[in-house]
Amino acid sequence: MTTGFKEPVTERLESFGIEISENDDALIALCITKVITYVENEINSSEIPQNLIPFLVDMVCGEFLQIKRTFSPESFPKANVNAAVKRIQVGDTSTEFAVDSSMTAEGWLDSFISALLSSGKEQLTCFRKLRWQ
């Protein structure tokens, strides 16, 4: 069941600039299994609707990043949000961009992972089936 999700998850992580190695395969498989089990329990079905696949990919990426950051921080890429342009001056014209200076790189990363983990959770109710006791 996890084989169909591995490629889109790997592509999504690589689109974030995360390099995936063979050592990450087991962790990705674990994250896929965890997210699929969560979704199957939430919707009370053993079949995942195609409409939920993009959300599951983001949720798996969030799980992967959270686990990697917690248990293997040395292999986790450092986020550099301080490199964002805050002000441009050309001649006598100056433009300043609204940048949240209170947001640290770590805070930004926490927000990003949280957004991935909660991606599509509101969509699960559309596919929920009643559970009869």
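Only residues that are of a type outside the set (Ser, Thr, Tyr) and closer than 16 Å to Ser118 by Cβ were counted across the stretch 19-42, and they come to 5. Of the residues Ile53, Ile18, the single one that is surrounded by 11 or more Cβ atoms within 10 Å (Cβ to Cβ), in contact with a Phe, Trp or Tyr (Cβ under 9 Å, 6 or more places away or on another chain) and under 21 Å from Leu109 (Cβ atoms) is Ile18.
When you check Phe5 against the structure, is it in contact (Cβ under 8 Å) with a residue 40 or more places away in the chain and touching a Gly at 6+ places or on another chain (Cβ under 9 Å), yes or no? Taking the combined requirement at face value, the residue does not satisfy it. Only a single criterion out of (1) more than 24 Å from Arg12 (Cα to Cα); (2) surrounded by fewer than 12 Cβ atoms within 10 Å (Cβ to Cβ); (3) at pLDDT 90 or above is not satisfied by Ile88, namely (3). Ser75 meets the stated requirement of being of a type outside the set (Asp, Glu), at pLDDT below 75 and over 21 Å from Arg128 (Cα atoms). Scanning the stretch 37-55 for residues that are among the aliphatic types (A, V, I, L, M), assigned to a helix (DSSP H, G or I) and under 22 Å from Leu130 (Cβ atoms) turns up Val39, Ile43, Leu52. Within the stretch 11-36, being among the polar types (S, T, N, Q) and either modelled with pLDDT of 95 or more or in a loop (DSSP other than H, G, I, E, B) (or both) holds for Ser21, Thr33.
Each residue in the stretch 111-125 was checked for being in a helix (DSSP H, G or I) and either under 16 Å from Ile18 (Cβ atoms) or of a type in the set (S, T, N, Q) (or both), and 9 pass.
The values are calculated or read from the model by the stated rules, or taken from the named source; none is laboratory data. On a predicted model such as this, the values are computed, not experimentally measured, just so you know. With ideal geometry, Cβ positions are generated from the backbone for all residues, glycine too; neighbour counts draw on all protein chains shown.
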